[in-house]
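Remarks on the structure that follows.
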Amino acid sequence: MKNISEWQSEFEDWWHRHGDESDGSHDLGHFRRVYKLSCDIAKGEGDTADHLILLAGAFFHDVVNPPKDSPLRSQASQLSADKAAEILTEMDFPADKIAPVAHVIAAHSFSAGITAETIEARILQDADRMEALGALGIARNMYVAGLMASKLFHTDDPMAKNRQLDDRKYALDHFEIKLLKLPAMMQTATGRKIAESRAEFLQLFRTQLLSEIEI
């Protein structure tokens, strides 16, 4: 029977052979960080979660990843869950863990609205959302905005005091629409504590940015 390290090596090898290297926000680094964060959160929550389920969930939660502006975006987590189940079955992954992994993946998405019913699903959801906060969250937000050909901010009204927020047009708007709401949405106490600290950094960044672009 393979141990955690051996399974991680097999998952990474699968990504080296089949992964899309063009997406810098959903690469092996992202999967490794989500797994590490999952382990950190699991320890803070009493370490009762199944780490093999967390590992598989972390490495395949974005295996089907439509662009942010795709009409398939809200279905991505379920599509990923189905694809992951196929991949894991081919790998002879423990059969009794495939359905729990599929649930972890289906429930991780912000847009899918699927209730996280297991401790592993709650932990992975928190860990993945943590990537949208802190310095890394800012970097990924701006990177995705570039891919979508969005502007960094509205020149005359960056804080949307006299207009509707629109994060498809302006990267900074995404802070208010989604990112700063994430700490309150965390499923675990450990995740919430980490998220609140990272969200403070987002606010500091925004304050500094606004001071630099003030006309």
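Tabulated data for the structure shown
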quantity	calculated
Cα long-axis angle, helix 134-147 against the chain (0 to 90 degrees, to the nearest 10)	80
Relative exposure of LEU147, LEU54, judged by other C-beta atoms within 10 Å (fewest first)	LEU147, LEU54
Exposure proxy ranking, count of Cβ atoms within 10 Å, fewest first, for ASP156, ASP40	ASP156, ASP40
Cβ-based charge dipole, the chain, positive-most Cα from GLY46, ASN3, PRO100	GLY46
Relative contact order of segment 132-215, defined on C-alpha pairs under 8 angstrom at six or more residues apart (%)	31
Structure-based [θ]222 nm, the chain - -39500 (n - 2.57) summed over DSSP H runs of at least 4, per residue, nearest 500	-19000 deg cm²/dmol
Between 0 and 90°, nearest 10: helix 51-60 axis offset from the chain longest Cα axis	60
Unit charges on C-beta of K, R, D, E only; dipole of the chain, Debye	640
Helix axis angle, 119-130 relative to the chain longest principal axis, alpha carbon, degrees	30
Read-out mean projected area of the Cα convex hull in nm², derived from the coordinates shown; its label in [x] 12.1; [y] 14.1; [z] 18.4	[x]
Virtual spin-label span in nm between ALA149 and SER197, 7 Å along Cα→Cβ	4.1
Selection from HIS30, LEU202, MET142 lying farthest towards where the dipole of the chain points positive, charges on Cβ	LEU202
Cα-centred dipole magnitude for segment 132-215, charges only on beta-carbon of K, R (+1) and D, E (-1), debye, nearest 20	340
Three principal axis lengths of segment 132-215 [C-alpha, angstrom, descending]	39, 26, 21
Listed residue pairs exceeding 28 Å between alpha carbons, taken from LYS2/LYS178; LYS161/LYS181; LYS151/LYS193	LYS2/LYS178; LYS151/LYS193
Residue order, fewest to most surrounding Cβ atoms within 10 angstrom, among HIS61, HIS154	HIS154, HIS61
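Rule-based calculations on the coordinates, nothing more; no lab input. Being a predicted model, the structure only gives us computed values, none of them experimental. FYI the Cβ positions are ideal-geometry reconstructions off the backbone, even for glycines, and counts take in every protein chain you see.
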